[in-house]
Amino acid sequence: MISELEPRADVTVIPGGVPVAQSTGAPDTLRRLLRRPTAVASLVWLVGITVASFLAPLIAVDPQQGDLDRLGQGPTWSHLLGTDQLGRDILSRLLHGGVDAIVGAALCVAVAVVLGVSAGVVAGFAGGVVEVLASFVSDVLQTMPGVIVMLLALSLLGADLNIGMIVLGVLLSASFYHLARTSTKAIRRELFVDAASVSGLTPARIVVSHILPNIRQPIVVQATVTAAVGLLLQAGLSFLGQGPPPPAPEWGSMVQEGAQQIFEYPWMIFPSGGVIIVTALAFNLLGDAVNDTAGPQTAGAGEAFARRRPPRHARLERPASAPPDADAPLLEVEGLTVAFTGEDDPVVVVDDVGLSLRAGETLALVGESGSGKTMTALAIMGLLPPGAEIVAGRVRFAEHELDRLGEAQLARLRGAEIAMISQEPVAALDPSFTVGSQIREPLRRHASLGREAASRRAIELLEQVGIPQAPRVARAYPHELSGGMAQRVAIAIALAGRPRLLIADEPTTALDVTVQAEILDLLRDLQAQTGVALLLVTHDWGVVADAASRVAVMYASQIVEQATAAEVFARPLHPYSAALLRATPSRARSGAALPTIPGTVPPVSRWPRGCRFQNRCALASDDCGQAPIPLLEPEPGRRSRCIHTERLGEGRR
């Protein structure tokens with residue numbers, strides 16, 4: 001990784017003093033293929049045989065023209081691949097018959113890809129009943145004996161090899177289905193797909209723009225194998241007499257003729273059999289080459305661009321819409337309860353959470369891992385994982401009741417009114433696309449900009465978040481960025497729709513201290529200049545002290561304390577808040593062991609009755625386990641889910 005402060009040896013200092021790594025971008029797949037001899041040979045053969053076959057009427061003699069003086073001859077200058085038992089030119093017949101062979105293989109691949117990939121992507125993305133039904137149909141297709149089904153279809157519908165290839169494509173679509181479904185389910189869990197949803201893209205757009213490009217490599221490889229299978233089975237059907245009737249040239253029937261004349265004219269079988277074998281082998285070798293070379297090459301690429309502190313004077317544009325009334329909360333969450341519902345009892349993962357956030361304000365949601373912070377943020381965005389749903393409460397954003405909106409309505413708000421920054425910026429960026437293209441996507445979606453206007457605006461956004469040499473960064477791929485640079489790109493994407501609410505889920509966790517400070521400075525500048533409200537999900541009290549105006553502390557899916565940041569730091573009113581503060585490394589005494597909180601956050605199936613922190617609390621008494629503890633107001637403007645706030649305060653005096 002490129003250092004934040006010192007340029008590496010492979011970094012070039014360009015005019016202006018900004019260190020930028022020399023280009024390490026991988027060439028595209030075709031250029032990498034052309035560096036492999038087997039791939040080049042396969043492409044040359046496949047392209048050559050295809051072009052020659054379609055040009056056969058212009059470059060080859062009549063395939064039915066025979067020469068009785070040259071029956072069954074071997075190769076000569078006048079007949080490069082010899083003649084058959086009737087004196088017909090074998091090369092001419094192979095070229096004229098190649099059209100049917102190539103078209104048949106292509107037809108088989110097209111049917112298999114269209115049916116299998118479309119069904120697999122839909123099933124993998126949607127899941128549920130759709131996936132169950134599609135998988136059942138696919139399993140049925142896989143159990144069918146392919147050759148027998150093809151012969152049956154040909155006997156019922158006529159001896160047309162194209163019909164056989166369509167039937168074969170339907171049968172082979174099952175393999176594409178399973179491949180596409182498995183790949184889609186894996187990609188569906190990636191953060192860059194969640195980021196696309198946060199940007200307000202529709203499911204169809206996400207599938208086309210992010211799912212399909214990331215599964216194309218295995219699909220292409222499978223397609224080459226399928227082409228070889230289709231070619232061989234088509235030749236086999238023709239060999240069995242299911243192809244065009246004689247004297248029409250066809251590769252499989254030519255093999256049959258060669259087999260019949262093998263003792264009298266042994267040479268005849270080699271050209272026809274050889275062209276089938278070489279073509280099928282070329283498809284397989286090409287598939288192997290694609291499998292080895294496709295996709296971005298990240299090994300050894302390093303970090304392509306050095307980072308620097310963003311300029312404090314960078315001007316960020318205000319949202320087009322006027323800011324809301326400062327006294328009216330922009331976001332109101334009341335009694336929010338989220339549960340995984342199924343056949344058994346619902347499993348509650350967010351319990352009776354209430355929050356409010358005004359324009360220009362920063363609210364920090366603090367707690368250990370497993371406290372329910374991220375699930376709360378996802379519920380606000382309408383991006384709960386499969387099986388989870390809001391079972392109680394309301395989420396109001398401006399004039400919208402988010403918990404009552406459909407997916408299409410939420411998609412229009414995501415990215416435009418509400419945006420989200422992930423804690424893993426590199427994983428949240430699609431590795432198949434450049435930085436600029438990923439910023440242009442929400443711009444074209446929400447601002448209806450043309451390609452050129454969106455490109456200019458993308459450069460402006462990169463400059464606004466403090467990225468040097470923005471045009472060059474826009475042409476880079478995510479693997480070429482350092483962590484801090486990737487986080488700035490993620491913020492630029494979030495700004496594309498000019499949101500009024502920004503949810504930042506652990507935005508500085510993966511960054512070093514210096515870059516962490518830069519990102520927090522950037523968020524403060526953004527907030528001061530645009531009035532955006534910031535919901536900051538974090539476990540780092542240093543980030544809270546640096547950025548937040550108010551704090552909501554979560555434990556075991558509940559809010560246990562709410563107050564201003566200054567009040568919590570000065571005098572927390574819940575034992576959990578106090579314990580978290582004592583365990584902050586910056587507060588540790590030199591030479592003394594860092595205080596820790598005994599135990600861990602209990603899983604949802606083992607929450608204690610009453611106060612959920614009682615098993616880890618030094619102030620716990622019998623009263624703490626008698627009944628659920630409500631969120632009390634021990635002081636004006638402060639809330640605490642504890643019945644011993646007075647003892648806690650006395651203990652700190």
Practice task
State which residue is most open to solvent (accessible area, probe 1.4 Å) when the search covers only the range 527-558 and only residues that are closer than 27 Å to L461 by Cβ and hydroxyl-bearing (S, T, Y).
Solution key: S549
Exercise for the section: Answer with yes or no whether T376 is under 23 Å from Q423 (Cβ atoms), within 27 Å of the chain's Cα centre (by Cα) and either at pLDDT 90 or above or open to solvent by less than 10 Å² (accessible area, probe 1.4 Å) (or both). Expected result: yes
Handout entry: Options D139, D100: the member that is of a type in the set (D, E, K, R), under 27 Å from A52 (Cβ atoms) and in a helix (DSSP H, G or I)
Key = D100
Problem - All positions within the range 615-635 that are within 12 Å of T645 (Cα to Cα), touching a Lys or Arg at 6+ places or on another chain (Cβ under 8 Å) and not hydrophobic (A, V, I, L, M, F, W, C) - result: E633
Exercise for the section: Provide a single number: the residues in the range 240-279 that are under 25 Å from S42 (Cα atoms) and either free of Cβ contacts under 8 Å to residues at least 12 places away in the same chain or surrounded by 19 or more Cβ atoms within 10 Å (Cβ to Cβ) (or both). Expected result: 15
Problem - Filter result for T374 (of a type in the set (S, T, Y), within 22 Å of S199 (Cβ to Cβ) and outside any loop (DSSP other than H, G, I, E, B)) - result: yes
Fill in the blank from the handout: Out of (1) aliphatic (A, V, I, L, M); (2) within 30 Å of T337 (Cβ to Cβ); (3) at pLDDT 85 or above, the one A428 does not meet is (3)
Practice task
Would you check if there is a residue in the range 144-160 being part of a loop (DSSP other than H, G, I, E, B), open to solvent by less than 20 Å² (accessible area, probe 1.4 Å), charged (D, E, K, R) and in contact with a Leu (Cβ under 9 Å, 6 or more places away or on another chain)?
Solution key: no
Handout entry: Subset of the range 517-538 [outside any helix (DSSP H, G or I) and touching a Leu at 6+ places or on another chain (Cβ under 8 Å)]
Key = V532, A533, L534, L535, L536, V537, T538
Exercise for the section: Determine whether G230 is open to solvent by less than 20 Å² (accessible area, probe 1.4 Å), touching a residue at least 24 places away in the same chain (Cβ under 8 Å) and farther than 20 Å from G120 by Cα. Expected result: yes
Practice task
Please go through the range 598-613 and pick out each residue that is among the charged types (D, E, K, R) and either under 12 Å from V349 (Cβ atoms) or surrounded by 11 or more Cβ atoms within 10 Å (Cβ to Cβ) (or both).
Solution key: R609, R612
Exercise for the section: For residues that are aliphatic (A, V, I, L, M) and more than 17 Å from M420 (Cβ to Cβ), scanning just the range 389-409, find the one that is surrounded by the most Cβ atoms within 10 Å (Cβ to Cβ). Expected result: I390
Exercise for the section: Look through L501, L520 and report the one residue that is among the aliphatic types (A, V, I, L, M), within 30 Å of the chain's Cα centre (by Cα), under 17 Å from G360 (Cβ atoms) and surrounded by 21 or more Cβ atoms within 10 Å (Cβ to Cβ). Expected result: L501
Handout entry: Matching residues, the range 71-118, being in contact with a Lys or Arg (Cβ under 8 Å, 6 or more places away or on another chain), among the small types (G, A, S) and in contact (Cβ under 8 Å) with a residue 60 or more places away in the chain
Key = none
Completion exercise
Residue hits (the range 172-202; part of a helix (DSSP H, G or I), open to solvent by less than 20 Å² (accessible area, probe 1.4 Å) and modelled with pLDDT under 80) are F192, V193, A196, S197, V198
Completion exercise
Within the range 464-479, the residues that are open to solvent by less than 10 Å² (accessible area, probe 1.4 Å) and outside any loop (DSSP other than H, G, I, E, B) are A470, V473, P478
Exercise for the section: Please work out if G124 is open to solvent by less than 50 Å² (accessible area, probe 1.4 Å), out of contact with any Pro (no Cβ under 8 Å at 6 or more places or on another chain) and closer than 30 Å to E257 by Cα. Expected result: no
Exercise for the section: Only one of these is among the charged types (D, E, K, R) and crowded, with 23+ Cβ neighbours inside 10 Å: E567, E561. Name it. Expected result: E561
Completion exercise
Screening R70, R93 for residues that are among the basic types (K, R) and either assigned to a strand (DSSP E or B) or out of contact with any strand residue (DSSP E or B) (no Cβ under 6 Å at 6 or more places or on another chain) (or both) leaves only R93
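The values are calculated or read from the model by the stated rules, or taken from the named source; none is laboratory data. Because the structure is predicted, anything quoted here is derived from the model rather than measured. So basically every Cβ, Gly included, is an ideal-geometry build from the backbone, and we count neighbours across all protein chains shown. Areas reflect the complete protein model, heavy atoms only, side chains present, ligands, DNA and RNA absent. Shrake-Rupley method; radii C 1.70, N 1.55, O 1.52, S 1.80 Å.
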